[in-house]
Protein chains: 4
Amino acid sequence: MNFCSDNVTTAAPEILAALAKANAGASAAYGEDPLTRRVEAKLKEIFETDLMAFPVATGTAANSLALSCMTPSWGAIYCHESAHVAVDECGGPEFYTGGAKLVDLPGEHGKLTAAQLADVLARSDIGSVHHVQPAAITLTQATEAGTSYRAGEIAAIAEVGRGYGLHLHMDGARFANALTFLGVSPAEITWRAGVDMLSFGATKNGAFAAEAVVIFDKKLTQEFAFRRKRAGHLFSKMRFLSAQLDAYLEGGLWLKNARHANAMAKRLAEGMKGVPGAKFAHPVEANEIFVDLPETAIRGLIADGFKFYRWLGEDKTLLRLVTAHDTKEADVVAFIASAKRHAAEANERVA
Amino acid sequence: MNFCSDNVTTAAPEILAALAKANAGASAAYGEDPLTRRVEAKLKEIFETDLMAFPVATGTAANSLALSCMTPSWGAIYCHESAHVAVDECGGPEFYTGGAKLVDLPGEHGKLTAAQLADVLARSDIGSVHHVQPAAITLTQATEAGTSYRAGEIAAIAEVGRGYGLHLHMDGARFANALTFLGVSPAEITWRAGVDMLSFGATKNGAFAAEAVVIFDKKLTQEFAFRRKRAGHLFSKMRFLSAQLDAYLEGGLWLKNARHANAMAKRLAEGMKGVPGAKFAHPVEANEIFVDLPETAIRGLIADGFKFYRWLGEDKTLLRLVTAHDTKEADVVAFIASAKRHAAEANERVA
Amino acid sequence: MNFCSDNVTTAAPEILAALAKANAGASAAYGEDPLTRRVEAKLKEIFETDLMAFPVATGTAANSLALSCMTPSWGAIYCHESAHVAVDECGGPEFYTGGAKLVDLPGEHGKLTAAQLADVLARSDIGSVHHVQPAAITLTQATEAGTSYRAGEIAAIAEVGRGYGLHLHMDGARFANALTFLGVSPAEITWRAGVDMLSFGATKNGAFAAEAVVIFDKKLTQEFAFRRKRAGHLFSKMRFLSAQLDAYLEGGLWLKNARHANAMAKRLAEGMKGVPGAKFAHPVEANEIFVDLPETAIRGLIADGFKFYRWLGEDKTLLRLVTAHDTKEADVVAFIASAKRHAAEANERVA
Amino acid sequence: MNFCSDNVTTAAPEILAALAKANAGASAAYGEDPLTRRVEAKLKEIFETDLMAFPVATGTAANSLALSCMTPSWGAIYCHESAHVAVDECGGPEFYTGGAKLVDLPGEHGKLTAAQLADVLARSDIGSVHHVQPAAITLTQATEAGTSYRAGEIAAIAEVGRGYGLHLHMDGARFANALTFLGVSPAEITWRAGVDMLSFGATKNGAFAAEAVVIFDKKLTQEFAFRRKRAGHLFSKMRFLSAQLDAYLEGGLWLKNARHANAMAKRLAEGMKGVPGAKFAHPVEANEIFVDLPETAIRGLIADGFKFYRWLGEDKTLLRLVTAHDTKEADVVAFIASAKRHAAEANERVA
């Protein structure tokens, strides 16, 4: 009954089985093994293009390393003010880039827009040594508000960026959730829309600890390889990272897991509509729900053993509820019932 | 029949089983889980002292993060010229420290000595802003030459360093191999000898990917925590790193694995003494053998399917042979026989 | 007739003379000379306290080096969104700190307030490794809006910061202008109010290129010395930096120069009040004026040969006018007359 | 009577006069002034090629900034083990490059050789992510041993480097001294021999504090401009740096000053040959002499008021004697006489 985050979850049984299977005999170290090559081959097929893929173990590593290949140390990286890279990585991108500047921008429902970026870039004093220089844009898909960028929105942002020679990165910690919500192909919302590098997340959607940095713009590849090693993110026994990713991609497991997480979020959101006083802060377009509830309902849920975060402060009544590949429908049903019951009690007391 | 390195090996079955067992239900993220706490408790018991332990996934991460807490960016870190941090981490310590200087020193059989350090430090111009300032010493245990520092050697080095206010780090990627070779207690060759931080390796000795940075000097702890997060080395699903370490320590598995690896190395070394022309470069005090063989013997071994590295260049006849927790005695026996047979052929041809 | 900035100005004749005088015979290098010691002695007297002073040649060097001693790389530095360190130094503080985060805050007339900082700090998640940690506050005195912090305002900010263990830095590129406007003692608006380090500017107020980093919190001194050298900001022929500062402080030259600059600004501001359509964006409390003029007046001034910046964009009608130690009253008078004439023409046309 | 270094010296009167002359009226800041352009034009003429020139104030800044444009953070920079960048800049290059590795190489009389570099580079494991990658070579001209690289030596080194795609930097703190000793054209020992960037020193040869980074490979220019600003090495009142360089180049002042310094060194060296027990460590090919003297002679010289450094330690009898543009012949004569007298006394005592 834990809705805190999709990182409190288990690994999918298929991924555990793959790890066990990979654990036989000697295998070349540092990514020179067949499993690592197979992951890259599968990603090429899935994304319908040539690419290079580098497994790493955490999202912060994926994002920071990717961004560090896209900007000089005097560069500016544009991101939404709620972006994980800006808020939750303790300055990881700044560390990896040697002090580049994250420019945090506001935006409804966790999204940047092309118009906003066009405006900001027009005032960025290109070529002046006194000011950091526009270098990259990073989008989160699905966003930190549980919404998903449409292909057209991404393409429009990429086009604005291209006019200034910017690279485009996508933090896809919940990429599978956005993809299955949108019902599009992986290519459509990445390289075809102008994305140069993707942090392709698996950890939150069923792996133990595995992400792939997918590089569509291969000019950025060599630099990435050296930076990954130098930062201690090149695993010696790489096959065990790759085994997770291989199983994640095999037979569409990644999509199946994301569909389940999204379905649970949808089920939860619909149930919550029936809770008196519930107000949704954002549309539900992936596996996260942001809902404001009466304080009594919140206390009741906690008393009933449910776990979740109050968003933006312990004194706030906006909740973030996250579902995942292993969320049980029974828990969702129980959550809704508990919320309804306690909200009703509140109303009775008021009445 | 792969003697290339202990990083081409499998994970121990006990560790796989522990991972499977840990994969049940939700668990708090980022190290706030019971398994992570249990690992620290076990390490306290094993090292017979209070300490803090931070799991990470690679040796480069462990070493670089540890060193970055021990030196300002204008500091000098003293290490053996063959040290992994100096040679094989693509400048990881320089990256993490913001450009501190690794001072590479020579030394017989992969070891630094207290006398040598005393001499170097005496000439280090303490307090002069023109020169980097002595900040830390890092020792590799077991060394890159397959030898092991005695407790007295470490304590003597630590004492010299202490005179200059230096921190002492130990790269223990093969700590268990040294420990079981020496037959001492973990405390004796670490904090009791003056070690402030230990990169406690598990990956090479039976884990999938897990190391613990063990901090004896707790003043360095808070800095470590922030640096780990910022570098992307804090795992969200930490329990799966900790599960590996927990099983590694449980019931002395780590010692059992190391004893096996060492026994295989000893067996191999003794067998090789019977090979005509074999010359050992270093005493065998852990799980690595450095032996010079006739070129014909080397080619014969390769033809027979054995894998290993020629050390210091493809045109060299010095081999590094590494054994591990999963080395099969039959492979060792076969290796010796093959080497003997081909060396004898060589002699016949010469005769 | 150049009102662009106080960095387009000459050096004061007294400072040129001092340079000539210092240019005799050999002198110890790197600050081991008598002039450098004398500058420090004079600053101790002026600030009525013990302190250490480090001459450097640019304001960006002074600010970046100072801030780098006040924060770990995972720290947050709070500053006004218009601060030179945030906007005009191409990420200098981020470079010097290894990627710390400048948190830009809004604030009327270029100032931060204690209440605002208290609010921001209360939400800063102290101790959480996921977020950068509050480390320092930097104030600009006089501000980028040409206003001056009162001693009480600084002390209130310092007190809030102290509650969180923050250091307080002051960017005093125009310190003398603020000081003479306020009519207080140097001590009152620095260490007595809680300032730990001051970038004490001389370049804009009559030097060729000289600033002194004045360190009141002497625990930060040693680090500063190494960082300055390592960054190439320790001059070998230091006496020529120190000679400038020595003459700057001698007989109150720095105060005389600042008083003149301020008087010219005041004269200019009063004259501009008579210009039809003139609107002041900020009170004039140092040597900068921010005034909105009719476009016709601006074009007329340009045609008459006056130089200045349109603030915030070439299509804007807000002007920044800066006076300095060598501004001629006749130029001020001519500027006012030109502005009035052209503004009147505009009105006639409209009428 | 100070032979400690050429940085204890005065500025040439011509340079002081130029500073005074430049100190008139307003001038555009940050290098947009006519003097800065004129310096670049003069350098183009002197070096007989197109180039870009960036004034900075210290040699450490010039060297570190130049090297930071020539290497990624995972690069190796090859230098002589006595090089200023390796020994005397407190890790400046490591700071500016984000932790690149200086590879210190031995070499007779302060010089690297093409053969040695070819050998080192052949063993550098190009393309392997485990090791830092060859990126640049830096030569000191004149060397730290007071010798000068011949054009052919430089060209041979450059050719070896080019085979690996390396950049070539020259630390020319004493460039004028080498140039006038060699009697060649500036082009011959720089870009025609393969040098990409030159730290063109003026401080040691008659300026107050001025160096020009001369960039022959213009692809490196933009990066340099941003790095200089970000590091606080872009002067606002740039005309006063440029005025020094302009006067330095005007009418061959730089060559005249260097010729004088070299002549004084030659005069001193010849005189010292007559001192009993004097042994020269290196040929005298610029303005530095390394001579071993009897301890009694050294003590006598000190007692007579001469200043100089014992090289490599206070207990050593090898002296470094440096002459400069303002060394007086009378001081040289007196030094020789004093040395002879005290050395003779020593001999008498021995006899």
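The values are calculated or read from the model by the stated rules, or taken from the named source; none is laboratory data. Remember, predicted model here, so these are calculated numbers, not experimental data. Note that we place each Cβ from the backbone using ideal geometry, even for glycine, and neighbour counts take in every protein chain shown. SASA here: full protein model, heavy atoms, side chains in, ligands and nucleic acids out. Shrake-Rupley method; radii C 1.70, N 1.55, O 1.52, S 1.80 Å.
Side notes on the structure shown:
- Cα gyration tensor category, rounded, prolate or oblate, for segment A:288-345 with a/c compared to 1.5: oblate
- For B:Trp311, nonlocal amide neighbours, meaning residues 5 or more places apart or on other chains whose placed amide H falls under 5 Å from its own, are B:Leu318, B:Leu319, B:Arg320.
- Helix B:13-22 and the longest principal axis of the Cα set of chain B meet at an angle near 30°.
- Whether segment D:65-148 is rounded, prolate or oblate, judged on the alpha carbon gyration tensor where a/c under 1.5 counts as rounded: oblate
- Pseudo-label separations to other copies for A:Arg38 - Cα-to-Cβ vector, 7 Å, nm: 3.1, 7.3, 7.9
- Beta carbon of chain D nearest to the axis of the rotation taking D to C, residue and angstrom distance: D:Ala57, 3
- Between B:Arg341 and A:Ala334, the modelled labels are 6.5 nm apart [label points 7 Å from Cα along Cα→Cβ].
- 7 Å along Cα→Cβ, label-point gaps from A:Glu329 to other copies, nm, shortest first: 5.6, 9.0, 10.5
- Number of partner chain Cβ atoms within 10 Å, mean per residue of C:2-14: 5
- By accessible area with a 1.4 Å probe, ligands and nucleic acids excluded, highest first: order of D:Glu288, B:Glu314: B:Glu314, D:Glu288
- Cross-link pairs beyond the 23 Å C-alpha cut-off, checked among C:Lys256/C:Lys340; A:Lys266/B:Lys229; B:Lys266/B:Lys340: C:Lys256/C:Lys340; A:Lys266/B:Lys229
- Burial of 10 Å² or greater, segment B:208-234 residues [accessible area, probe 1.4 Å, versus chain by itself]: B:Phe208, B:Ala209, B:Glu223, B:Ala225, B:Phe226, B:Arg227, B:Lys229, B:Arg230, B:Ala231, B:Gly232, B:His233, B:Leu234
- In degrees, nearest ten, helix A:329-350 long axis to first principal axis of chain A (Cα): 50
- Annotation for A:Gly127, label-to-label distances across the other copies: 4.0, 5.2, 5.3 nm (shortest first, one decimal, point 7 Å from Cα along Cα→Cβ).
- Using alpha-carbon coordinates, inclination of helix C:34-47 to the longest axis of chain C, degrees: 70
- With the simple spin-label model, which puts each label point 7 Å out from Cα in the Cβ direction, the C:Ala122 to D:Arg123 separation comes to 6.5 nm.
- Accessible area per residue for the protein assembly as shown is 34 Å², calculated with a 1.4 Å probe on protein heavy atoms, without ligands, DNA or RNA.
- Largest-first ellipsoid semi-axes for the protein assembly as shown, taking √(5λ) over the Cα gyration tensor eigenvalues, angstrom: 53, 47, 27
- Across segment B:289-297, coupling constants 3J(HN,Hα) worked out from phi with the 6.51/-1.76/1.60 Karplus curve, θ = phi - 60°, read 10, 10, 9, 8, 10, x, 3, 5, 5 Hz, and Gly and Pro carry x.
- Each Lys or Arg adds one and each Asp or Glu subtracts one; over the other residues with Cβ under 13 Å from the Cβ of D:Phe280, this totals 0.
- Over chain D, equivalent-ellipsoid semi-axes from the Cα gyration tensor in Å: 35, 27, 17
- Alpha carbon centroid spacing (whole Å) that separates segment B:294-309 from segment B:63-92: 35
- Local electrostatic count at D:Thr327 - Lys and Arg +1, Asp and Glu -1, tallied over other residues with Cβ under 13 Å: +1
- Measuring between their Cα centroids, segment D:104-173 and segment A:189-216 lie 41 Å from each other.
- Only protein heavy atoms count here, probed at 1.4 Å, and on that basis chains A and B bury about 3700 Å² of accessible area in total.
- Estimated Rh, segment D:52-195: Kirkwood, alpha-carbon pairs, angstrom: 15.1
- When both segment D:235-280 and segment C:219-286 are represented by their alpha-carbon centers, they are found 35 Å apart.
- Gaussian network model of chain A, Cα within-10 Å springs - most flexible of A:Asp171, A:Asp119, A:Asp331: A:Asp119
- Sites A:Ala115 and D:Ala41 - FRET efficiency at Förster radius 51 Å, r taken between beta-carbons, to 0.05: 0.65
- Rolling a 1.4 Å probe over the protein heavy atoms of the protein assembly as shown, with every protein chain left in place, gives an accessible area that is 54 percent carbon and sulfur.
- Within segment D:156-258: Cβ-based charge dipole about Cα centre, in debye rounded to nearest 20 (Lys, Arg +1; Asp, Glu -1): 380
- Rg then Dmax, both in Å and based on the Cα atoms of segment A:154-255: 14.6, 42.
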